[in-house]
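Participant: Right, I'll just put the structure down here and ask away after.
Here, each number is a calculation from the coordinates, and none is a lab measurement. Keep in mind that what you see is a predicted model, and the values were worked out from it rather than measured. Glycine gets a Cβ as well: all are built from the backbone with ideal geometry, and neighbour counts include every protein chain shown.
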Amino acid sequence: MNQSNIVISDYQKDILQELMNIAFGNATADLTNIIDIHIELSVPDIELLAIRELPEYISETIDTYSETVIINQKFLGDFKGSGLFVFPSSSGHDLSALFEESGFECSQLSGSSLKIEIVMEIGNILIGACVGKISELLNTSVIYSPPQAIFVKENKYDSLVNLFDSSQSVIVMKTRFQQKKGEGFILIITDQDSLDWLKDALDKFMEAYQ
Amino acid sequence: MIHKILIVDDSPVARKMLKSCLPKDRELDIYEASNGEEGIEIFKKVTPDLTFLDLTMPVLDGYKTIPLLKQLDSDVVIIVLTADVQPKSISQVLSLGAFTLLKKPATSQSIQDALKQAEIKI
């Protein structure tokens with residue numbers, strides 16, 4: 001996979017990785033406050049790639065499923081971009097069952113509409129907790145757009161590229177959420193405009209720990 | 001009195017953050033490892049008074065490291081410092097024999113409080 005022209009030092013990458021670790025821990029704790037679940041966290045992985053490389057990256061990262069649901073939630077502020085929660089549909093069905101068992105109320109919908117709404121809610125919680133914690137640690141705040149669900153058949157992610165500015169490079173920050181009934185991935189995509197701010201914010205964050 | 005401290009965490013940034021939270025007015029020998037396997041090797045050599053341990057690490061994670069450290073020294077004092085504060089994670093590390101669990105990011109206050117408690121135990 002080609003590396004984009006993003007320049008971020010190894011040290012800044014290490015800082016970002018640790019912030020992701022903290023943020024994902026926060027996200028899972030938020031989710032476990034709502035449903036009776038335990039999620040195994042992986043070591044966060046930071047990848048630098050161009051947006052055109054995203055479809056290949058996702059299809060290489062996850063196994064082939066008949067359908068994958070991607071929850072896309074944009075956030076705006078000093079730190080801006082999109083959070084993607086990539087979730088194989090089978091995992092979504094199982095997790096939504098857990099939500100229902102926990103008495104989670106999410107409107108009067110039923111059947112597949114209810115399951116989509118539940119997966120969107122899970123994505124919303126996880127993306128919000130991740131982005132929110134990173135923003136908090138970097139001493140800023142963000143506002144969110146409503147989440148959107150994107151359905152992908154047979155690992156064909158090419159259409160994802162159209163959601164973003166194809167000229168931009170991205171930092172993909174990924175961690176894997178695993179639990180006994182499935183797995184999902186969160187990718188946080190931020191654009192070139194946010195990078196200078198982000199690098200400066202990362203350096204300032206560590207100044208407190210000199 | 002705690003004098004030798006071992007920090008086991010795959011993130012060099014996390015280790016640096018933790019070191020900056022340790023008391024500056026005490027002479028401490030600090031040893032670092034980037035995974036459980038390295039941590040065990042260093043533990044054998046220096047026998048630290050206190051071990052800070054991350055949970056999510058490559059090679060050998062914190063959950064698997066705790067019993068191995070307990071085998072080496074049944075009185076080992078392990079403070080788990082982790083971002084994973086799910087109820088099951090907390091109960092699991094405590095049942096494995098960790099002294100306590102602290103949430104990342106550590107603060108000087110949380111670290112110094114934990115050190116005081118650990119010194120009472122030692």
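Participant: Could you tell me what percent of the DSSP beta bridges with both partners in the protein assembly as shown are antiparallel, to the nearest 5?
Facilitator: 70
Participant: Count the net charge of all other residues whose Cβ sits under 12 Å from the Cβ of A:ALA129, scoring Lys and Arg as +1 and Asp and Glu as -1.
Facilitator: -1
Participant: A further question on this structure: Can you give the FRET efficiency for A:ASP193 and A:GLU117, using 1/(1 + (r/R0)^6), R0 = 25 Å, r = Cβ-Cβ distance, to the nearest 0.05?
Facilitator: The formula returns an efficiency of 0.20 here.
Participant: Which whole-Hz ³J(HN,Hα) couplings does the stretch B:108-122 yield from phi under the Karplus relation 6.51 cos²θ - 1.76 cosθ + 1.60, θ = phi - 60°, glycine and proline marked x?
Facilitator: 4, 5, 5, 5, 5, 4, 5, 4, 4, 5, 5, 5, 5, 5, 5
Participant: I've got another one for you. Which whole-Hz couplings ³J(HN,Hα) result when phi for each residue of the stretch B:37-43 is put into the Karplus expression 6.51 cos²θ - 1.76 cosθ + 1.60, θ = phi - 60°, listed in order with x for Gly and Pro?
Facilitator: 4, 4, x, 5, 4, 5, 4
Participant: In nanometres, what is the gap between the two model label sites at A:ASP45 and A:VAL7, each 7 Å from Cα along Cα-to-Cβ?
Facilitator: It works out to 2.7 nm between the two label points.
Participant: A further question on this structure: Averaged over B:88-99, how many beta carbons belonging to a partner chain fall within 10 Å of each residue's beta carbon?
Facilitator: Partner Cβ neighbours, averaged per residue: 1.
Participant: Applying the Karplus parametrisation 6.51 cos²θ - 1.76 cosθ + 1.60 with θ = phi - 60° to the phi angles of the stretch A:128-133, what ³J(HN,Hα) value in whole Hz is obtained for each residue in order, glycine and proline being reported as x?
Facilitator: Coupling constants for the stretch A:128-133: x, 5, 5, 5, x, 5 Hz.
Participant: If you don't mind, there's one more thing I want to ask. Would you mind putting A:42-48, A:81-87 in packing order, based on average other-beta-carbon counts within 10 Å, highest first?
Facilitator: A:81-87, A:42-48
Participant: Another question about this same structure. Taking every eigenvalue of the Cα gyration tensor of the stretch B:1-61, multiplying by 5 and rooting it, what semi-axes result, largest first, whole Å?
Facilitator: 19, 14, 7
Participant: Once fully extended, how much extra length lies between A:THR61 and A:ASP165, figured as 0.36 nm per residue of separation less the alpha-carbon to alpha-carbon distance?
Facilitator: My answer for the length gained is 35.2 nm.
Participant: How well do other chains shield peptide B:77-87, expressed as the mean number of their Cβ atoms within 10 Å of each residue Cβ?
Facilitator: Shielding by partners across B:77-87 averages 5.
Participant: Then there's this: When a/c reaches 1.5 or more, the comparison of a/b and b/c decides; with that in mind, is the stretch B:4-121 rounded, prolate or oblate per its Cα gyration tensor?
Facilitator: rounded
Participant: What residues qualify as long-range amide H neighbours of B:TYR31, i.e. H under 5 Å apart, gap of 5 or more or another chain, H built at 1.01 Å from N?
Facilitator: For B:TYR31, whose amide H was placed from the backbone, the distant partners under 5 Å are B:ILE5, B:LEU6, B:ILE7.
Participant: Residues of B:51-59, mean number of Cβ from any other protein chain within 10 Å of their own Cβ, rounded to a whole number?
Facilitator: 2
Participant: May I pose another question? How do the peptides A:125-136, B:41-52 rank, highest first, by the average count of neighbouring beta carbon atoms within 10 Å per residue?
Facilitator: Top to bottom by mean Cβ count within 10 Å: A:125-136, B:41-52.
Participant: Then there is this: Using Cα pairs closer than 8 Å and at least 6 residues apart in sequence, work out the relative contact order for chain B, in percent.
Facilitator: 27
Participant: Have a look at the protein assembly as shown and give its Rg and Dmax from the Cα atoms, expressed in angstrom.
Facilitator: 20.8, 63
Participant: Follow-up. With each pseudo-label sitting 7 Å past Cα toward Cβ, what's the B:LEU72-A:THR140 distance in nm, one decimal?
Facilitator: About 4.2 nm, to one decimal.
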